[in-house]
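Working notes, beginning with the structure itself.
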Amino acid sequence: MQIFATFEHSSYLELALASLEQIGIPKSNILAVPLDNRKEDRKLFDTLHRSDGVSLFDKGAALAVIFAVIFASMGFVWEWGPIYWGLIGAAGGFLLGFLIDLCLVKIFHKRKRVLKGKKSEVILVIECPPGKTEKVETMLWDHLALGVAQTVDSQ
């Protein structure tokens, strides 16, 4: 039987490996594969096939409406009239909102990711006899595994 488990890089991983050896799983039956961290920054603009859930359009659209209404109403008094000033207000509001969102995403979210110290995970692949699978699984869950799965060996 093969058991797969994912862990964060932590002391719990080391404790899980030591516990596996204590219950009789040899080192040659344990494979630990660390995943690489993302090297490139996320892309700011979404495409049709990929979206990360971060929108740079929301604040811009809201501020465009607000500024268009204010500038159009003031345009009745100003020289160019309400239509031109409404369009100028909409463009300025959208640009301001877009820049606010851009700054938030580029500066504050990047700092948050660095401060959280998110590290990549480690995948454990354990080859064990069928009689020990439940014991190995409970031991992995006790050592704070993020996920555990098992497959049946088809030999």
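Each residue of region 90-98 is assigned a 3J(HN,Hα), and the resulting list reads 5, 5, x, x, 5, 4, 5, x, 4 Hz, derived from the Karplus form 6.51 cos²θ - 1.76 cosθ + 1.60 (θ = phi - 60°), x at Gly and Pro. Which FRET efficiency value, to the nearest 0.05, do you get for Met74 and Leu96 by plugging their Cβ-Cβ distance into 1/(1 + (r/R0)^6) with R0 = 25 Å? According to the calculation, E is roughly 0.90.
Taking a sphere under 11 Å around the Cβ of Ser19 and counting the other residues whose Cβ falls inside, with K and R at +1 and D and E at -1, yields a net charge of -2. Per-residue extension of 0.36 nm, minus the Cα-Cα distance of Ser10 and Leu87, leaves a gain of 22.2 nm for this segment. Under the simplified labelling scheme, the Ile107-Val33 pair shows an inter-label distance of 4.1 nm, with each label point 7 Å from Cα along Cα→Cβ. Around Gly147, with a cut-off of 15 angstrom between Cβ atoms, what is the net charge of the other residues, counting Lys and Arg +1 and Asp and Glu -1? My count for the surroundings of Gly147 gives -4.
Across region 136-148, computed HN-Hα scalar couplings (Karplus, 6.51 cos²θ - 1.76 cosθ + 1.60, θ = phi - 60°) run 5, 4, 5, 5, 5, 5, 5, 9, 6, 5, 6, x, 9 Hz from first to last residue, x flagging Gly and Pro. Note that region 58-116 carries a Kirkwood radius of 12.3 Å, evaluated over its alpha carbons pair by pair.
Values quoted throughout were computed directly from the atomic coordinates according to the rules given, and no laboratory measurement underlies them. This structure is a prediction, so every number in the text was calculated from the model and none was measured. No Cβ is skipped: glycine too gets one built from the backbone with ideal geometry, and neighbour counts run over all protein chains shown.
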